[in-house]
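The values are calculated or read from the model by the stated rules, or taken from the named source; none is laboratory data. In this text, all values refer to a predicted model and were calculated from it rather than measured experimentally. Here the Cβ positions follow ideal geometry from the backbone for every residue, glycine too, while neighbour counts run over all protein chains shown.
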Amino acid sequence: MCATKSSSHTKLAYTRSCNLQAFDAIANSCTPLAWHFSLQRVTQFARVFVTLFLCVMFFGACQPSANRKVPLNVPNPIFAMSYGFPDFSIEEQIDFLAGSGFDGIALHIWNDETFENLWRAQQKAQVMAGHFKIFGLYMPVDIKNSRHHELLSRVIDAVEAQSIPLWVTTKNREVSESEIVAFYRELAREAAAKNVDIVIYPHDRHFILSAEESLKIIRQVDADNLYTTLHLNHELRKGNGARLEAVVRNVMPYVKLASLSGANELGLYNQGSRDWSDVVQALTQTKFDVHIFYKLLQRYEYWGPVGYNNFGIAGDPRIHHRETLAIIRSWQK
């Protein structure tokens, strides 16, 4: 069944007004028309016409899903994960990605050192000018670790001005669903006060394994600023490769971010493995038709950012990033 965001997530309003004096002036100037209609009827006709026009415009603009913040058919912004550049400084990563045509980056933050990367990235000229964006902050969290909670609070404060989403995965497996719900409810409440969104990051080997699993948490938390992610690699690991269309359709109203990468042929995946080479590959190496996944995002009208998941891919990252971006751009033509 297709998920639909609750009314609390859909905040649409419009106003209309009719200047009756203007309509009277128009009607009085139309002498031939006045031979057949009274001034009152002309005014009523004009009011009905404008009302119908506004209604058509209004209902055409109503969009049910969370990612519908740009016009339809605008190419998705493409970003890369920062963990795909182990030997590059954050400044070098941004310079390379911006110069290669990427629209932005997602940072990986898990301690004080990587938290400093956020500040350094925010100071880059491309970021400050708005030409290159930080689309998310990937944060793997142990909900039992107080230091992780403190780091989350610091990051929320640091991104308030730019409203960068926190992309949070809960690493704990031996906890209850109610504990996960309580964690995300409190995190969403804290972030909402700073106008920051929280995006659940489904992850193999963590508590929430897929986008559909995250819906149970989102519905219980019921917060305006809590969303989820469509990761091709984690959906494949979960065993959803043959039902990707159903997954995309079911979760789309709640999707804020998406990512893709090359992968092995359907079914040849190692769920629970720490070796990600089965589902994280350059697009030039993929045996799985990743274009199918991207077309599903477009079919169900996801026009938000799409990330290149580049974790642990062998070879020169400059080469496979440029090649992968060229393939994605060809899909957008």
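Tabulated results
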{"item": "Every residue from region 127-147 that is without any contact (Cβ under 8 Å) to a residue 40 or more places away in the chain, surrounded by fewer than 18 Cβ atoms within 10 Å (Cβ to Cβ) and under 25 Å from Pro202 (Cβ atoms)", "result": "Asp142, Lys144, Asn145, Ser146, Arg147"}
{"item": "Filter pass, Asn117 being out of contact with any Asp or Glu (no Cβ under 8 Å at 6 or more places or on another chain), at pLDDT 95 or above and over 17 Å from Gly307 (Cα atoms)", "result": "yes"}
{"item": "Residues of region 78-119 that turn out to be among the aliphatic types (A, V, I, L, M) and in a strand (DSSP E or B), as a count", "result": "6"}
{"item": "Near pairs, Cβ below 9 angstrom, 6+ apart or cross-chain, from region 294-305 (in the same structural domain as Val248 (by TED's automatic domain parsing) and in contact (Cβ under 8 Å) with a residue 40 or more places away in the chain) to any residue that is buried (at least 20 other Cβ atoms within 10 Å of the Cβ) and of a type in the set (Lys, Arg)", "result": "Gly304/Lys256; Pro305/Lys256"}
{"item": "Every pair of residues 6+ apart whose Cβ atoms lie under 6 Å, when the first sits in region 225-253 and is under 30 Å from Glu190 (Cα atoms) and in contact (Cβ under 8 Å) with a residue 40 or more places away in the chain while the second is among the basic types (Lys, Arg) and assigned to a strand (DSSP E or B)", "result": "Tyr227/Lys256"}
{"item": "Qualifying residues in region 186-216 (those that are more than 17 Å from the chain's Cα centre (by Cα) and not in a helix (DSSP H, G or I)) - the one farthest from Pro165 (Cα to Cα)", "result": "Arg205"}
{"item": "Selection within region 277-310 - farther than 25 Å from Pro253 by Cα and loosely packed, with under 15 Cβ neighbours inside 10 Å", "result": "Thr284, Lys287"}
